[in-house]
Each structure stands twice: as C-alpha cells, then as structure tokens.
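Colleague: Below is one structure. I have some questions about it.
Coordinate-derived values only; no laboratory data. These figures come from a predicted structure and were not determined experimentally. A quick note on method: Cβ atoms are made from the backbone with ideal geometry, for glycine too, and the neighbour counts reach across all protein chains shown.
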Amino acid sequence: MTDIFESLEFETATEIEALARLAYELRENRNAILEHHGVADETALLQRIQSGDVAEHPAYEHYLAARILADTRETVRTALSARLLEANRK
C-alpha cells in the first residue's frame, strides 16, 4: 500500500493529517450525540423532539450541537479536499 504522505513536505503532511483527524473527531462526536438519542441524523432527532418522544431540553441543544458538528465537518472536508488537490499538483 502506498503511503500518501511520503511524497509530501512535512508541513503539508502535518496539515493534511490534522484536518483528517479533525474531520474524524467531528464525525465521532456527532455520532455519539445522535446515538445517545437513538437516531441516525439530526432530522430524526428534531422529529422526536417535536413529537414529544424526548424532552425538549437538553435534546434541542444536542440537536443544535449535532448540526454544528456536521456543518463544521463538511467545511473541514472541503478544506481537506482542496489541500489534497493542491498537494497532488506539486
């Protein structure tokens, strides 16, 4: 298996690794919040809140946190993709 970092400068490899780690941690934290409520996504959690299946508080705060984590992860993934494309052009 090819090591994707072997042809990169140290700083570039470190930056890519940090972005990948951050994306992973954001995903895992979002999953932990959703798992706590037994749902697969934020929409399902919001529906459970609206139907009264779960208490509004702290479930709504958990819903917001999951949304923020998902949005932030997408931003990080976009930055990671751009950084990988840039690194592969060199």
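Colleague: List the number of the failed condition for I4; all other conditions in (1) without any contact (Cβ under 8 Å) to a residue 40 or more places away in the chain; (2) within 29 Å of R89 (Cα to Cα); (3) assigned to a helix (DSSP H, G or I) hold.
Modeller: The one condition I4 does not meet is (3).
Colleague: Select from the range 35-63 the residues that are in a helix (DSSP H, G or I) and among the hydrophobic types (A, V, I, L, M, F, W, C) and write down the one among them that is farthest from L22 (Cα to Cα).
Modeller: Once the filter is applied, the top-ranked residue is I49.
Colleague: I would also like to ask the following. So how many residues does the range 21-42 have that are touching a Leu at 6+ places or on another chain (Cβ under 7 Å) and acidic (D, E)?
Modeller: Number of matching residues: 1.
Colleague: Pairs needed: first member in the range 64-90, assigned to a helix (DSSP H, G or I); second member anywhere, surrounded by fewer than 16 Cβ atoms within 10 Å (Cβ to Cβ) and aliphatic (A, V, I, L, M); C-beta distance under 8 Å; at least 6 residues apart or different chains.
Modeller: Listed pairs, sorted by first residue: L80/A20.
Colleague: With respect to the numbered conditions (1) surrounded by 14 or more Cβ atoms within 10 Å (Cβ to Cβ); (2) β-branched (V, I, T); (3) over 30 Å from L8 (Cα atoms), which one is the sole condition not fulfilled by T43?
Modeller: For T43, the exception is condition (1).
Colleague: Among the listed residues L8, L22, L34, which satisfies the condition of being within 19 Å of T78 (Cβ to Cβ) and surrounded by 15 or more Cβ atoms within 10 Å (Cβ to Cβ)?
Modeller: One residue alone meets the criteria, L22.
Colleague: Is it true that some residue in the range 36-54 is of a type outside the set (F, W, Y) and under 11 Å from the mean Cα position of the chain (by Cα)?
Modeller: Checked against the condition, which is being of a type outside the set (F, W, Y) and under 11 Å from the mean Cα position of the chain (by Cα), the range 36-54 yields no hits at all.
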